[in-house]
Amino acid sequence: AAQVPQGLNAAPCKMAGRRGAWYVPCLASLETIQELCRKENLTCKSLGITNKNLKSYEVEYLCDYKVEEGTEYFLVKWKGWPESSNTWVPLKNLKCPLLLQYFHSDKNEYLSRLKRSKAVILKNHIKALNPVVAQYIVKKAKQRIALQRWKEELNRKKNHKGIILVENTVDLEGPPLDFYYINEYKPAPGINVMNGITTGCECSHCPAEKCCPEEAGFFLAYNKHRQLKIQPGLPIYECNSYCRCGPECPNRIVQKGTPYSLCIFRTNNGRGWGVKTLQKIKTKRFVMEYVGEVITSEEAERRGQLYDNQGNTYLFDLDYDSDEYTVDAARYGNVSHFVNHSCDPNLQVFNVFIDNLDLRLPRIALFSTRTIKAGEELTFDYQMKGSLDVTSDSDAVSPTRKRIRTVCKCGALCCRGYLN
């Protein structure tokens, strides 16, 4: 993306064996190890560093700017090289229009925030950015790279149709450090979330008279347009892996995963991360499933005290039939981990049974309560008293009760003031 800078070591690589054993920190990132390899002139097939590209240079991001003797220069961070190898490169040698755009955008954003619009003139008559501005630009560049890698990781791990985007135009917060994406429940030792199914329906075209919902004593949850037609509080029984029907069965909705493209974004009012839809969602449509670790209520009580002190709300009681288990999405979860609370939500919770008929362990599905426009934030009521809920509190699935009252920032006209 630029001409090779002068002054950098271009000596041929040395064999690793001549240096003896070479160790790197076990928790080092791939990029850190690549930088160490190039610094030590080591090749590694696993890292993609060969004799051919050991001394290659690609612009990773731009760090600083100056004008010297009428020539514009940018300080370049080279991909796969440590920051000690950064060099000043004339603008005419740079072939990275997008990175230049990011640089100027980040600079202008920072200056506008501080109501400062002029660079600093140094004593040696070199026009340059204020170091504080340059530091901010580097932080934004590192954040952008980190969020891009996180987005790629999320899309590798998800098993649903829609894509996942990540966006932060608010602050310098990067990806959560202790969050692991999963697509289904992660049971704690001793808990079986695949239990109770030995047979399925014999329908050739569901729903027939003896389809799964009817066998369980309930109505089919979906109409011919695959929209929800039952009231909150009633369970959803979908066809399972033993059923005769195929994957296009109209009673297989939740098990197919999120059908929409979603964006995890940073909110601008102190609510942390949130989720917005990138597509229009019609009313009473399945949007996503709430997944996490399945733990006992006793363990949830212990963890809840820790989360209370942090102001977090990730514990979801599975109290459809009893109060034995809880879903904890703090460390393990999917996109629903980032969905915020609202006292006037556009999502509603339903209990779902597919390959497990244990009433103590329903799956938790979120359905739209109204038409949701593209770009609109997705929310659900952490107390499960949404606009469609006509059941009593004992019939609803609710997050575990918290001991410390948390102020609500949902901004709804009907806001109750607290999350709990």
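The values are calculated or read from the model by the stated rules, or taken from the named source; none is laboratory data. Keep in mind it's a predicted model, so treat the numbers as computed, not measured. For neighbour counting, all protein chains shown are included, and Cβ atoms are generated from backbone atoms with ideal geometry for every residue, glycine included. Side chains included, ligands, DNA and RNA excluded: accessible areas come from the protein's heavy atoms. Shrake-Rupley method; radii C 1.70, N 1.55, O 1.52, S 1.80 Å.
Odds and ends about this structure:
- Tally, over segment 40-58, of residues that are surrounded by fewer than 16 Cβ atoms within 10 Å (Cβ to Cβ), within 15 Å of residue 85 (Cβ to Cβ) and at pLDDT 75 or above: 2
- Residues located in segment 75-93, provided they are open to solvent by less than 30 Å² (accessible area, probe 1.4 Å), on the phi < 0 side of the Ramachandran plot and within 33 Å of the chain's Cα centre (by Cα): 76, 77, 78, 81, 82, 85
- Lone unmet requirement of (1) over 29 Å from residue 315 (Cβ atoms); (2) surrounded by 13 or more Cβ atoms within 10 Å (Cβ to Cβ) for residue 181: (1)
- Checking segment 189-207 against the condition returns no match, with no residue being of a type outside the set (Phe, Trp, Tyr), closer than 18 Å to residue 61 by Cα and either open to solvent by 50 Å² or more (accessible area, probe 1.4 Å) or assigned to a strand (DSSP E or B) (or both).
- Identity of the residue in segment 246-276, farther than 30 Å from residue 188 by Cβ and under 13 Å from the mean Cα position of the chain (by Cα), that ends up surrounded by the fewest Cβ atoms within 10 Å (Cβ to Cβ): 261
- Residue within segment 279-288 that is without any contact (Cβ under 8 Å) to a residue 40 or more places away in the chain and farther than 30 Å from residue 171 by Cα present: no
- Taking each residue of segment 188-206 that is on the phi > 0 side of the Ramachandran plot and looking for partners that are charged (D, E, K, R) with beta-carbon atoms closer than 7 Å, six or more apart or interchain, yields 196/358.
- Applying the condition of being of a type in the set (Val, Ile, Thr) and modelled with pLDDT under 90 to segment 194-245 and asking which residue is nearest to the chain's Cα centre (by Cα) yields 197.
- Residues that are more than 12 Å from residue 367 (Cα to Cα) and outside any loop (DSSP other than H, G, I, E, B), drawn from segment 208-235: 212, 213, 214, 215, 216
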